[in-house]
Amino acid sequence: MADLIELTLDHEIAIITINNPPVNALSPAVAQGIAKAIEQVTNDDSIKAVVLIGGGRTFIAGADIKEFGKITSGKTPRGAGLPPFLVHIENGKPAVVAIHGSAFGGGLELAMAAHYRVASPSAQFGQPEVKLGMIPGAGGTQRLPRLVGIAKAVEMCAEGNPIGAQEALKIGLIDRLVEGDLLAGAVQFAREIAGKPGPKTRDRNEKLSSHVQNAPLFSAAREKARTRQRGMRAPLAAIDAVEAATKFSFDEGCRIEQKLFQDCLFSDQSKALIHIFFGEREVAKIPDVPKETTTMPVNSASVVGAGTMGGGIAMVLANAGIPVLLKDADQPALDRGLATIQKNYQNSVKRGRFTQQFVDERLQLIQPTLTYDDFGKVDIVIEAVFEGMALKKEVFVQLDRACRKGAILASNTSTLNIDEIASVTSRPESVIGTHFFSPANVMRLLEIVRGKETSKEVIATCMQLSKKLGKVGVLVRNCRGFVGNRMFHHYGREAVFLVEEGVSPQSVDQALYDFGMALGPLATGDLAGLDVGWRIRKEYRHLEKPGVRQAIVGDRLCELGRYGQKTGAGWYKYDETRHAAADPETNEMVRKWAIDAGIPQRDISPEEMVERCVYALVNEGARILDEGIAMRAADIDIIYVSGYGFPAYRGGPMWYADSVGLKNVYQRICEFHAQHGELWEPAPLLRRLAEEGKTFAEFTSLQTVTV
Ligand code: 3H9
């Protein structure tokens, strides 16, 4: 294995190579290694310039994110960090940084502290720290505006999105593009500048302009951050830090940046976002389905059902370049489905998301059909018909007949028993749940449900497919509603109970929106269609326990044909652009139903509304974890953040409960239990962890997962 840091010579040019796979994270050891190599370069008079380059697939993807947890938990003492080390590079011999892959976070900060930057055409540059709830902490907010100007620096630091090499060259972030051999190009560049004093970014003030001139730009950026990154603190801190570059000297600006960086680093938001970063990667790791598990090629697909979900899934497959047969039972249904797909694609062109050419190519990949005739040729079928066991079974009998052996038979069911569906086929090992979220072409989550007999190859293939489709695949076990909807049932139930107890739907939604949810629970119901839950409730009515409170007003709305957005009325009323407005008539009607049913009416605070809804998620999440339906608390968190609009900066429901303290959550749930009865019985795992002073994050159900 190569040394972490290698120092080699090409005549008068020193080459420092960083070898810290997989992404050359700038760990303390890497920084120390580079500092040592720079010192050697400084002490060797024969060396006239230095090239810094990343070994492997990338330059430096940032500071080592694992280190932050050690610092905030007190395991590692807070040192001076990277800034002094970067000053060392800045004050040293002319340094050229050669970039391929990603120069992110601390990686870009290091590159900007050097005197010159050259890059491969495919390289990416960014300050993504805000996505981890922090800001650049090694001079990035002070050096970036000096190279690219205030507007671009604010955008990059506050939004965290990367830019490509062409743009980086255009705006002055890099000095040259190198086609072909990057190292050779960088050494050539280094020869051209060798021996001459290199420009220091800290001295380049010409792009800063005055604070007064920049004032409108900063206020517009703050306004944008408040709406687009609602509830997040880091984007505003990043803007403050860049603004400091226009008001103070470089060194004073760095001091301000450092203070803001430390505040963000120690914030709950940053801890939550780091949890989400690692959680998104953790979900791909399945103990009994190791990386080496054989996968099957997925080069063609069929979707059964051209409704909202089926059409969306067909688009997702087509967007990934996979040809799709889209089947429905009759021509009008198929025509409606195709028209919706076309409309959705046209909207994407209008919004600039796709080009017309891309859309034309995708539409070519979607072939409508009314029969199963060509299903024998495809690698995977995804069934997306109405949610009803009898219908699903009928479809799977047909699929078993029509599809070749080895093809994957997937169901997009959101609640139904995947083993029961598999039981009507001769190949339950090929049957799996692939639960997409609406709108399927937008939402990132793919809940993958393994049945008792689903083969490991089928699981591994679906996990791999989720990546290809641009989704976060999370594997769960079979139960009613799986992880996401099983928990959501409790969340939605409490939202409706609150309405029945006298709170308007708008107040419930506002409280949860202010907590950070993308949409309130009742508005979410209207969006998904209230009839979906109604149909499920009817399917499972025989399981309801007598004497246990059931929500009444949701069903009543459905009985009146008020299914939500699609019928123009639900909890809200909608105009033709689907704009929601409070409906006093509905509110009054619902209130009357509740009073007639004898439900006591009272004032309820927004805090209690949030606790009722969010702790209902947590309590059921604890059961799910205990039963091994989800492998890890982080899996549940990723499901909620990527599929249900839970604010990432709160880390998902289980992480949020940990941050409130399980003892506090447990106590509150006990109070709700005493007040509202059986539905609030505390989950045994929650009680146990609360009593032991532990967290969900510490708990792992891996040992209890039967493989
Ligand atoms: C920062 O720099 C602060 C500074 O201002 C300094 C302040 C003083 N650290 O994503 P992948 C791991 S903050 C540690 O699957 P890809 C990742 O967990 C940092 N580990 O690959 C995974 O591990 P595993 C700012 C990291 O090709 C493996 O590498 N930088 C780091 O799909 C492969 O990752 C960022 O926020 C890291 N920095 O994507 C960049 N990065 O295999 C974060 C990755 O065990 N990183 N790992 O699961 C990324 O955006 C993507 O990883 C990247 C590669 C695009 C680079």
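The values are calculated or read from the model by the stated rules, or taken from the named source; none is laboratory data. Note that the coordinates shown come from a computational prediction; the quantities given were computed from them, not determined experimentally. All Cβ positions, glycine included, derive from the backbone under ideal geometry; neighbour counts span all protein chains shown. In case anyone asks, the SASA skips ligands and DNA or RNA and just uses the protein heavy atoms, side chains included. Shrake-Rupley method; radii C 1.70, N 1.55, O 1.52, S 1.80 Å.
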Matching residues, segment 470-506, being open to solvent by 10 Å² or more (accessible area, probe 1.4 Å), among the aliphatic types (A, V, I, L, M) and either assigned to a loop (DSSP other than H, G, I, E, B) or at pLDDT below 95 (or both): VAL503
Helices (runs of 4 or more DSSP H) lying entirely in segment 1-113 (those with 1 or more residues that are within 10 Å of the ligand (Cβ to nearest atom) and either polar (S, T, N, Q) or under 24 Å from VAL187 (Cβ atoms) (or both)): 28-43, 83-90, 106-113
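So that you can scan it fast, the table gives a plain yes or no per residue for (1) closer than 25 Å to GLY652 by Cβ; (2) basic (Lys, Arg); (3) at pLDDT below 90:
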{"position": "MET517", "(1), (2), (3)": "yes, no, no"}
{"position": "GLU544", "(1), (2), (3)": "no, no, yes"}
{"position": "VAL548", "(1), (2), (3)": "no, no, yes"}
{"position": "ARG562", "(1), (2), (3)": "no, yes, no"}
{"position": "TYR572", "(1), (2), (3)": "no, no, no"}
Single unsatisfied condition, ASP509 versus (1) in contact with a Leu (Cβ under 7 Å, 6 or more places away or on another chain); (2) assigned to a loop (DSSP other than H, G, I, E, B): (2)
Matching residues, segment 110-126, being without any contact (Cβ under 8 Å) to a residue 60 or more places away in the chain and within 25 Å of the chain's Cα centre (by Cα): SER122, GLN124, PHE125, GLY126
Selected residue [touching a helix residue (DSSP H, G or I) at 6+ places or on another chain (Cβ under 6 Å) and either modelled with pLDDT of 95 or more or of a type in the set (Val, Ile, Thr) (or both)] from ILE34, ILE60: ILE60
Residue pairs meeting the criteria (Cβ under 8 Å; at least 6 apart or on separate chains; first without any contact (Cβ under 8 Å) to a residue 12 or more places away in the chain, in segment 585-598; second open to solvent by 60 Å² or more (accessible area, probe 1.4 Å) and outside any helix (DSSP H, G or I)): ILE595/GLN601
All positions within segment 313-334 that are surrounded by 14 or more Cβ atoms within 10 Å (Cβ to Cβ) and part of a helix (DSSP H, G or I): ILE313, ALA314, MET315, VAL316, LEU317, ALA318, ASN319, ALA333, LEU334
Test result for LYS350, basic (Lys, Arg) and closer than 29 Å to SER430 by Cα: no
Residue selected from segment 272-300 under the condition open to solvent by 70 Å² or more (accessible area, probe 1.4 Å) and not acidic (Asp, Glu), by the criterion nearest to ALA318 (Cα to Cα): ASN299
The listed residue being within 20 Å of PHE482 (Cβ to Cβ) and of a type outside the set (D, E, K, R), out of GLY561, GLY529, GLY520: GLY529
Segment 667-692, subset farther than 15 Å from ARG493 by Cβ and charged (D, E, K, R), residue most open to solvent (accessible area, probe 1.4 Å): GLU691
Test: residue in segment 254-263 that is in a helix (DSSP H, G or I), aliphatic (A, V, I, L, M), surrounded by fewer than 16 Cβ atoms within 10 Å (Cβ to Cβ) and at pLDDT 95 or above: no
Residue, surrounded by the most Cβ atoms within 10 Å (Cβ to Cβ), within segment 127-141, restricted to residues that are small (Gly, Ala, Ser) and not in a helix (DSSP H, G or I): ALA138
Odd one out for THR586, checked against (1) part of a helix (DSSP H, G or I); (2) open to solvent by 40 Å² or more (accessible area, probe 1.4 Å): (2)
Count of segment 335-364 residues which are buried (at least 19 other Cβ atoms within 10 Å of the Cβ) and either touching a residue at least 24 places away in the same chain (Cβ under 8 Å) or of a type in the set (Asp, Glu) (or both): 4
Count of segment 512-532 residues which are open to solvent by less than 20 Å² (accessible area, probe 1.4 Å) and not in a helix (DSSP H, G or I): 4
Out of VAL316, VAL378, sole residue that is among the aliphatic types (A, V, I, L, M) and either farther than 19 Å from LEU399 by Cβ or free of Cβ contacts under 8 Å to residues at least 12 places away in the same chain (or both): VAL316
Those residues of segment 161-180 which are closer than 13 Å to HIS100 by Cβ and not acidic (Asp, Glu), in sequence order: GLY164, ALA165, ALA168, ILE174, LEU177, VAL178, GLY180
Subset of segment 633-646 [under 15 Å from PHE278 (Cβ atoms) and in contact with a helix residue (DSSP H, G or I) (Cβ under 7 Å, 6 or more places away or on another chain)]: ALA633, ALA634, ILE636, ASP637, ILE638, VAL641
Matching option when the condition is open to solvent by 70 Å² or more (accessible area, probe 1.4 Å), within 26 Å of GLU607 (Cβ to Cβ), of a type outside the set (A, V, I, L, M, F, W, C) and touching a residue at least 24 places away in the same chain (Cβ under 8 Å), among ARG535, ARG556, ARG549: ARG549
Count of segment 610-630 residues which are in contact with a Ser or Thr (Cβ under 8 Å, 6 or more places away or on another chain) and either open to solvent by less than 10 Å² (accessible area, probe 1.4 Å) or within 13 Å of VAL665 (Cα to Cα) (or both): 3
Odd one out for GLY164, checked against (1) touching a strand residue (DSSP E or B) at 6+ places or on another chain (Cβ under 7 Å); (2) in contact (Cβ under 8 Å) with a residue 60 or more places away in the chain; (3) of a type outside the set (A, V, I, L, M): (2)
Single residue of ALA123, ALA138 found to be within 13 Å of ALA241 (Cα to Cα) and either charged (D, E, K, R) or within 12 Å of the ligand (Cβ to nearest atom) (or both): ALA138
Flag if GLU67 is among the acidic types (Asp, Glu) and at pLDDT 95 or above: no
Matching residues in segment 570-583 - criterion: being exposed (fewer than 10 other Cβ atoms within 10 Å of the Cβ) and among the acidic types (Asp, Glu): ASP575, GLU576
Neighbours by Cβ (under 8 Å, 6+ apart or cross-chain): first from segment 70-87, open to solvent by 70 Å² or more (accessible area, probe 1.4 Å) and modelled with pLDDT of 85 or more; second not in a helix (DSSP H, G or I) and not acidic (Asp, Glu): LYS70/THR76
